[in-house]
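Heads up: the structure comes next, in structure tokens.
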Amino acid sequence: MSQTISFAALPLCFLPRFEHKSGVILMWAIYWRSVSAIVLVIIFLSYCHQQFSILDLAINFSHLPTLSWCLTALFFCAITVFQRKGLIYLLWGNRLAFNSSVWRDINFSTILFFIGLAILSKVIHATASIELWTKYKLYAQPAAIIIWPFLLGSYLQYRIKKIKQLVTR
């Protein structure tokens, strides 16, 4: 009788460290860490709103997307005070074995992404029609949250290739 062991049953200490040979593995490793971090922050902010009504500070409902993205960026900044490599690193990022500057770049670009979402939301609300602003909130913001980790993984692949080229010269 043969036994098969699923990877879900193995403790994390038995999982191999990624050696950055496959760009696909790297992209998916960053993708799920980024999406997990974003989802955890949104859940945390929803909990804080439920307990403390922090989003009720907005005078106008049109400021809610801007306020929520600013709070998300602020939360990522707050985590950086305690862990310089950022929130995405805390989700088993040590298994990827990047140096500190790569993790800081990932964290900084994620913070800038949420600040950009906040600014873009405010600009679209101020300049576009209500229908366009509603479509932006409904379709563009979730699409940006899904696409952003892919772009982050692509950036990492580019940066690692650049570092390898500098090392081999």
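The values are calculated or read from the model by the stated rules, or taken from the named source; none is laboratory data. Bear in mind that the values here come from a model prediction, so they are computed numbers and not experimental data. Glycine also receives a Cβ, built like all others from the backbone with ideal geometry; neighbour counts cover every protein chain displayed. The area values use the complete protein model at the heavy-atom level, side chains included, leaving out ligands, DNA and RNA. Shrake-Rupley method; radii C 1.70, N 1.55, O 1.52, S 1.80 Å.
Out of 74, 91, one residue alone is touching a helix residue (DSSP H, G or I) at 6+ places or on another chain (Cβ under 6 Å) and not polar (S, T, N, Q). It is 91. Just checking, does region 97-111 include any residue being open to solvent by 50 Å² or more (accessible area, probe 1.4 Å), among the β-branched types (Val, Ile, Thr) and under 22 Å from residue 44 (Cβ atoms)? For region 97-111, residues open to solvent by 50 Å² or more (accessible area, probe 1.4 Å), among the β-branched types (Val, Ile, Thr) and under 22 Å from residue 44 (Cβ atoms): absent.
How many of the residues making up region 80-99 are assigned to a helix (DSSP H, G or I), under 13 Å from the mean Cα position of the chain (by Cα) and not small (Gly, Ala, Ser)? Selection size over region 80-99: 4. Out of curiosity, is residue 45 under 30 Å from residue 126 (Cα atoms) and at pLDDT 85 or above? Criteria met by residue 45.
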